[in-house]
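Chemist: Take a look at the following structure, please.
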Amino acid sequence: MNKVFNIFKNNRIRHIGENVDLVERYRVSENTSFDGIPTVYYDIYLHDTDYKIGKCDIRLKLDERMYYYGHVGYSIYPQYQGHHYAYYACLILFKIAKEDFNMDELIITCNPDNVASYKTLKKLNGELIEVAQIPEEHELYRQGEKYKCVFKYRIEL
């Protein structure tokens, strides 16, 4: 991927990838975020089109509670799943994390039964550091989630 940034419609930066592009939607700071975590939200588009196929975000810090969520979240709309678009979006997020936010390491998690996300995280060459048991007092546990596969990524561009 080249370091290409251009201004998209209504002055939003479009981060160009090979198969998908990310368009920043908005940012929340530590002070304005409901959970105290500064986060940048993106829409995912098919490369060089106006076809929105999903969304993703990068959380710029982790605390003990956020560890089970990880730094990165993504969702591909059902009609576009199965084409590795989440993988390509993560590659762009890795570059953004390193170049824009000076991050050297990311944690990304998935549910053990989410086969598609697990395959995506393996394809990104992450290190599975643990299958973590979610504490009973955590909101994810109260939502029915009991475990998270926790992957670590060293970002070296």
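The values are calculated or read from the model by the stated rules, or taken from the named source; none is laboratory data. Being a predicted model, the structure only gives us computed values, none of them experimental. FYI the Cβ positions are ideal-geometry reconstructions off the backbone, even for glycines, and counts take in every protein chain you see.
Chemist: Can you find, within segment 90-107, the residue that is surrounded by the fewest Cβ atoms within 10 Å (Cβ to Cβ) among those that are farther than 21 Å from Tyr45 by Cβ and within 10 Å of the chain's Cα centre (by Cα)? Walk me through how you get there before you give the answer.
Modeler: Taking segment 90-107 and keeping what is farther than 21 Å from Tyr45 by Cβ, we get 98, 101-107.
Okay, now just the ones that are also within 10 Å of the chain's Cα centre (by Cα), so 106-107.
Details: Leu106: 23, Ile107: 20.
The selected residue is Ile107.
Chemist: Still on this structure, I have one more. Just checking, how many residues over segment 21-47 are β-branched (Val, Ile, Thr) and either more than 14 Å from the chain's Cα centre (by Cα) or not in a strand (DSSP E or B) (or both)?
Modeler: Taking segment 21-47 as the starting set, the residues that turn out to be β-branched (Val, Ile, Thr) are 23, 28, 32, 37, 39-40, 44.
Checking which are either more than 14 Å from the chain's Cα centre (by Cα) or not in a strand (DSSP E or B) (or both) leaves us with 28, 32, 37.
The number of residues fulfilling the criteria is 3.
Chemist: State the number of residues belonging to segment 80-111 that are assigned to a helix (DSSP H, G or I) and touching a residue at least 12 places away in the same chain (Cβ under 8 Å).
Modeler: Of all residues in segment 80-111, those assigned to a helix (DSSP H, G or I) come to 80, 85-101.
Next, from what is left, pick out any that are touching a residue at least 12 places away in the same chain (Cβ under 8 Å): 80, 85-99, 101.
Going through segment 80-111 one residue at a time, the tally reaches 17.
Chemist: When you go through Ser33, Ser29 one by one, which is the residue that is of a type in the set (S, T, N, Q) and over 27 Å from Gln133 (Cα atoms)?
Modeler: None of the others qualify; the one that does is Ser29.
Chemist: Given the conditions (1) touching a helix residue (DSSP H, G or I) at 6+ places or on another chain (Cβ under 8 Å); (2) charged (D, E, K, R); (3) not in a strand (DSSP E or B), which single one is not true for Lys148?
Modeler: (3)
Chemist: Given the conditions (1) part of a helix (DSSP H, G or I); (2) modelled with pLDDT under 95, and given that Tyr67 satisfies all but one, which numbered condition is not satisfied?
Modeler: (2)
Chemist: Of everything in segment 53-64 that's free of Cβ contacts under 8 Å to residues at least 24 places away in the same chain and in a strand (DSSP E or B), which residue is nearest to Ile107 (Cα to Cα)?
Modeler: Step one: of segment 53-64, the residues free of Cβ contacts under 8 Å to residues at least 24 places away in the same chain are 57, 59, 64.
Then drop every residue that is not in a strand (DSSP E or B), which leaves 57, 59.
Working: Asp57: 13, Arg59: 10 Å.
Per the stated criteria, the residue is Arg59.
Chemist: Residues to consider are Tyr45, Tyr74; find the one that is of a type outside the set (Asp, Glu), surrounded by 13 or more Cβ atoms within 10 Å (Cβ to Cβ), modelled with pLDDT of 95 or more and in contact with a Cys (Cβ under 6 Å, 6 or more places away or on another chain). Before you say what the answer is, go through the steps one by one.
Modeler: Values: Tyr45 fails: in contact with a Cys (Cβ under 6 Å, 6 or more places away or on another chain).
After ruling out the rest, the residue left standing is Tyr74.
Results for (1) more than 20 Å from Arg27 (Cα to Cα); (2) touching a Cys at 6+ places or on another chain (Cβ under 9 Å); (3) of a type outside the set (Gly, Ala, Ser), shown as yes or no for each residue.
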site: Cys90; (1), (2), (3): no, yes, yes
site: Leu121; (1), (2), (3): yes, yes, yes
site: Glu127; (1), (2), (3): yes, no, yes
site: Ile134; (1), (2), (3): yes, no, yes
site: His138; (1), (2), (3): yes, no, yes
site: Tyr141; (1), (2), (3): yes, no, yes
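Chemist: Can you tell me how many residues in segment 129-140 are closer than 22 Å to Asp57 by Cβ and not in a loop (DSSP other than H, G, I, E, B)?
Modeler: Step one: list which residues in segment 129-140 are closer than 22 Å to Asp57 by Cβ, which gives 129, 132, 134, 138-140.
Narrowing further to those that are not in a loop (DSSP other than H, G, I, E, B): 129, 132, 139-140.
Selection size over segment 129-140: 4.
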